[in-house]
Each structure stands twice: as structure tokens, then as C-alpha cells.
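What follows is a short report on a single structure.
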Amino acid sequence: MTLHYLLHSQLRLHNLTMLDAYERYCLFMEERPDLLRNLTDKLIAAYLHMDPATLSKTRKKYRDQGGK
């Protein structure tokens, strides 16, 4: 079980450092769309390591490119 958490932590760190804001948002939408209803925009932005304005622009780009 501990190995699972370690691997998950390493993958998350990799994604936060290697992916741009749009890629992080796309991954979030793919893996955790259920959190959209439960979290504020401010919390989602913090989880994705971006400011709320960047989250807003990223969401618009996502919708414009065919995302839900």
C-alpha cells in the first residue's frame, strides 16, 4: 500500500512539473471530473498549481477545443 502512495505521489509531482496548465487541466478532466461539482474554482486552481485566472483561460481553451 505504501508503494502505491509513493508511486502516485511521484506521478503527481512529475505531472505538475512537466505538464503545462492546459495539459494538467485535461488530465484532471480525464481522471477527476467528479471533483468539479464539489470544489470551488479557487481550490481546483490550487490543486492544479495555477492561479484562478489561468484556470479560467484554460477552461475556455478546453471548451473551445471540444471539451465538455
### Query
How much FRET efficiency would the formula 1/(1 + (r/R0)^6) give for L36 and L6, where r is the Cβ-Cβ distance and R0 is 30 Å, rounded to 0.05?
0.60
## Note on the structure
Residue-normalised 222 nm signal for the chain, counting each DSSP H run of n ≥ 4 as -39,500 (n - 2.57), nearest 500 deg cm²/dmol, is -22000 deg cm²/dmol
### Query
Exactly which GluC sites (Glu not before Pro) in the range 23-52 are in a DSSP loop and have at most 16 other Cβ atoms within 10 Å?
none
### Value of D in µm² per second that Stokes-Einstein yields for the chain, Kirkwood Rh from Cα pairs, at 20 °C (1.002 mPa s)
169
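Every number here is computed from the coordinates shown, using simple stated rules; none is lab data. In this text the structure is predicted, and so the values were computed from the model without any measurement. Note that we place each Cβ from the backbone using ideal geometry, even for glycine, and neighbour counts take in every protein chain shown.
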